[in-house]
1. Equivalent-ellipsoid semi-axes (√(5λ), Cα gyration tensor) for the range 148-272, whole Å, largest first?
2. Sort Met250, Met119 so the one with the fewest other Cβ atoms within 10 Å of its own Cβ comes first.
3. If each residue of separation counts as 0.36 nm, what is the full-extension length gain between Leu46 and Leu113 once their alpha-carbon separation is subtracted?
4. Would you please state which residues of the range 146-163 a label at Ala86 would reach in this model, taking the label point 7 Å out along Cα→Cβ and a backbone N cut-off of under 19 Å?
5. Using Cα positions and a limit of under 16 Å, work out the aspartates and glutamates in reach of Lys34, with same-chain residues fewer than 8 apart set aside.
6. With 30 Å as the limit, write out which pairs from Lys64/Lys145; Lys29/Lys145; Lys29/Lys398; Lys29/Lys320 have Cα-Cα distances beyond it, or answer none.
7. Would you list the P(r) distribution for the chain, with all Cα-Cα distances sorted into 20 Å bins from 0 and each bin expressed as a whole %?
8. What distance in nm lies between label points placed 7 Å from Cα along the C-beta direction at Arg146 and Ala390?
Amino acid sequence: MFHDPSVKNETDKAAEDLGVVPCAKQMVKIEPYKGEKQNLGFGGSLVQIAIWFAFEIFARLSGKPSPGQRPLLDFGGLGWWLVSTASLVIWFPLLVLGAGLIETAGIWNLILLPVIFVMQVIFVGCLRVQQVTFAHYAVHGSLSKRPWLNKIVAQFATIVPLAQNPAEYRADHVQKHHRTRFFTSIHDPDAAFLLQLGFRPGMSRRQLYAHLWRTIFSPRFHGLFAIARLRSTFVTSDTVHKMAAALWLMALLGLAFIVPWWVFLLAVIMPWGPLYHVSSLIQFLTEHRWAMTERGPSNSSEYADRCVGRFSLLPAPTGKTGIRLWLAWARWGALMIPEILVRLGSWVGDLPAHDHHHLVGHAGHNPEDWPKAIFERQRSIDEGDPAGLANREVYGLKAALDWVFEGLSDPKD
C-alpha cells in the first residue's frame with residue numbers, strides 16, 4: 001500500500017512541527033513527471049528520476065501517457081531526428097552481425113531466429129519513422145524553422161528507406177490528404193491505394209480480415225508497393241534525389257558481394273522489402289476510418305470522427321486473486337509482446353497521437369509542438385478535451401482494425 005500524502009499521521013505532524021520533512025515523503029513520488037521543478041535530496045533525486053523514467057518508457061512504448069504526464073526527454077524535432085538517425089546507424093550493423101551468426105549457431109538458431117526477427121521489426125521501425133515522422137513534418141515545414149534544413153531532412157528521410165520522394169509526398173499528403181474535401185475519400189491518395197489493394201466499402205468485417213491476411217502474403221501487393229516506391233525514387237523525382245538514391249541503392253546492393261546471401265536477405269531484402277510493406281500497410285490501414293466515399297467529411301465533427309488515437313496497450317487484468325491473478329498477468333504480458341512490436345515496427349514516432357495532428361487546431365495547441373505529440377494529446381484531454389480525443393481511442397491492433405473495418409463495412413456518404 002502506498003502512503004497517501006494527503007493524510008497526515010502523528011509522526012508526520014510531529015516532524016513538520018520540528019521543521020523536518022519525512023524522508024520517504026520528500027524523496028519518492030510514485031507518479032509520472034508532471035513538469036514540476038523540485039529540489040530533491042541526492043538520494044531522493046536518483047530514485048525519483050528512475051521512477052519518472054519508468055513512466056516515460058511506458059508512455060513512449062504504449063503511446064499513452066498518464067494523466068498530467070509531461071515529457072522528461074524533449075530534444076526538439078531536429079534533435080529527435082538525429083537520435084533516430086543514430087539508431088539506424090547503430091542498429092543496421094547489429095542486424096548484419098546477428099544474421100551472420102546463423103551459420104554457426106546450430107541448435108541456438110531456435111533462439112537466434114526469433115531474436116533476429118525482433119531486430120528486423122525494430123530496424124523497419126527505424127526506417128519507417130524517417131518517413132512517417134521526420135519527412136512528414138519536414139514537408140509540412142515544421143521540423144525546423146529553416147526551410148533549407150527541412151528540405152535536406154526530407155530528402156534524407158525518404159532516400160534512406162527508398163520511400164516516396166518529398167515533392168510527391170507533399171502533394172499527396174499536404175495538398176490532398178489534409179484537405180477536408182478529400183480526407184478519407186476515394187480522392188485521398190492513401191484511401192485510393194487501399195482501394196487498389198482490394199479493401200472495398202461494403203465488405204464485411206470477416207471479409208476484410210481475410211483480405212488483410214491474403215494481402216500480407218500477396219506477391220501482387222509487394223510488387224505494387226515496390227514498383228510505386230522505385231518509380232517515385234528513380235522516375236518522378238528531381239535529379240538530385242535520383243543521384244543520391246542511386247548511390248545509396250548501389251551501396252546497399254554492394255553488400256550482396258561482401259556478406260553471405262542469408263545475411264543480405266535478412267538484413268537488406270526483408271527490412272527494405274516485405275517487412276517494410278507490411279509495416280506500412282498496418283500503419284495506414286489503421287490510421288483513419290477510411291470512408292472511401294466520393295466526398296470528404298461535410299463538417300468538423302464528421303472530420304474528427306474519422307480520426308483515432310491508437311495505443312499499444314491492452315486492458316490490465318482485474319477481478320482475480322491469487323494464482324489466477326498471476327496467470328492473468330502472465331497472459332497479459334504475452335499478449336503485450338506483439339502489441340509492443342507493432343509500436344516499434346509500425347505505429348512509430350508520434351503515430352499513436354496522429355488524431356491530435358489532424359485536430360491540433362480544435363485542441364487549441366501549437367502544431368510546432370509535434371515532437372511532444374503523445375503528451376500534448378494527453379494534455380488536451382486533461383484540460384477539458386475540446387477536440388473530444390478521449391472519445392476516440394483504441395487499444396491494441398485488433399481494436400484498431402475493428403474500428404476501421406466497421407467503417408468500411410457501413411460507409412457513410
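1. Values: eigenvalues 171, 110, 19 Å².
Working from the Cα gyration tensor, I get semi-axes of 29, 23, 10 Å.
2. Numbers: Met250 9, Met119 21.
Fewest-to-most Cβ neighbours within 10 Å comes out as Met250, Met119.
3. Numbers: separation 67, 0.36 × 67 = 24.12 nm, distance 3.77 nm.
That pair, Leu46 and Leu113, stretches by 20.4 nm at full extension.
4. Residues passing the 19 Å test: 153, 157.
5. Reachable aspartates and glutamates: Glu56, Asp74, Glu376, Asp382, Glu383.
6. Numbers: Lys64/Lys145 28 Å; Lys29/Lys145 38 Å; Lys29/Lys398 35 Å; Lys29/Lys320 27 Å.
Beyond 30 Å between Cα atoms: Lys29/Lys145; Lys29/Lys398.
7. Values per bin, smallest distances first: 23, 54, 20, 3.
8. Computed distance between label sites Arg146 and Ala390 equals 4.2 nm.
Laboratory data are not the source of any read-out in this text; all were calculated from the coordinates shown. It should be emphasised that the depicted structure is a prediction, and the values quoted were computed from it without experimental measurement. All Cβ positions, glycine included, derive from the backbone under ideal geometry; neighbour counts span all protein chains shown.
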